[in-house]
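Student: Can you keep this structure in mind? I'll have questions shortly.
What follows is calculated from the coordinates using simple rules that are stated; it is not laboratory data. As the structure is a prediction and not an experimental result, all values here were calculated from the model. Glycine gets a Cβ as well: all are built from the backbone with ideal geometry, and neighbour counts include every protein chain shown.
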Amino acid sequence: MFVKPCTPNVRLFTKLSLWLLVAGSLGCATGSNTLANSTHLERIELATGSFGPAGVTDTPHRTVQVTIAGKPRTLLLDSGGGLTIVSSRVAAELGCQPHGRFTAHRMTNERIDMPVCNDVTLTLGGRDIRVPVAGVFDLAALAPKEFPVVDGVVSLQTFAHTPVTFDLPKRTLVLESAESLSQRIATAKPMEVRLSRPGAGVALDVFIAARHATGEEKVWFILDTGNDTALILAPHAVKALGANCSADGKSCGPLNLDIPGLGAQTLSPHVRELIYDGNIGVSALRNYALTFDVANGQVWATPR
């Protein structure tokens, strides 16, 4: 799920599926702290924690603290995660006997199967969020031994009916109220998006459009804060964007892109066979607050 093999020197894991796409150098989880507790209708801002080896606090991958079954839990925060995940221990404490089978594919086309629990409630900063279907998987099976144990994954599927902002520069997660969402998007830049519902409609992925700065052909990148690589492209997208790559096609020079919401971006892609066009990760997104209203199919970016 979530744990992804990084760029040559950074990625540590391999994501579980089309959602658990490419996690990366995940590290020491210091649970997040509530900055502002509110009622259900108010804005709630939560600090996120680092996920990396012990003693490392400046990590690209973040965790958030939630309450499940009456106990605090530390979950990996991953916009590309696709599915809400809980560990087998949390499932047991919920009184859930994992059942059925959720099936999806990693971005590199490997199939992933896992059982599920129905109607899981997560509490974030005092607000209850009900997830109709959560996968059951133990991330410790994929993480390096020096990494702390986390209790699962919070993804955009978690917020299918809750507007939310991943503020990457501030390292906060914000559950937006109607008023705060209106205020935030007033100065934000809209992104051109597609929503994908893989796994028989259970999972949720967000893709954003991009073009070469001088071209017209459009490609679609999954928006993945759990991937520490700036950009991964499939060979067919490399060709469509006219990237200048080595003879073996494995490395490419800087590519000038026009990405609605992010504007002009110059990124050096890594090339890998994928089931879709590409993956844009936290190295390209770190200076933005990303606001998601997936219930209405809208995403905005605010530069910091």
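Student: Dividing the convex hull volume of the Cα atoms of the range 232-294 by its residue count, what figure in Å³ per residue is obtained?
Tutor: 97 Å³
Student: Remind me, relative contact order of the chain in percent, using alpha carbon pairs under 8 angstrom and six or more residues apart?
Tutor: 18 percent
Student: So how do 68, 275 line up by other beta-carbon neighbours within 10 Å, fewest first?
Tutor: In increasing order of surrounding Cβ atoms, one gets 275, 68.
Student: Hey, another quick one. What's the local net charge at residue 122, with K and R +1, D and E -1, over the other residues with C-beta under 10 Å away?
Tutor: Overall, the nearby charge balance is +2.
Student: Taking semi-axes √(5λ) of the Cα gyration tensor in Å straight from the coordinates, which label in (1) 42, 23, 16; (2) 29, 22, 18; (3) 35, 22, 20 is the correct one?
Tutor: Computing semi-axes √(5λ) of the Cα gyration tensor in Å and matching it to (1) 42, 23, 16; (2) 29, 22, 18; (3) 35, 22, 20 gives (2).
Student: Related question: Taking the Cβ of residue 304 as the centre, find all other residues whose Cβ is under 12 Å away and add up their charges (Lys, Arg: +1; Asp, Glu: -1).
Tutor: +2
Student: Here is a follow-up. Checking the cross-link filter: which aspartates and glutamates have an alpha carbon closer than 16 Å to that of residue 218, excluding same-chain neighbours under 8 positions apart?
Tutor: 192, 258, 277
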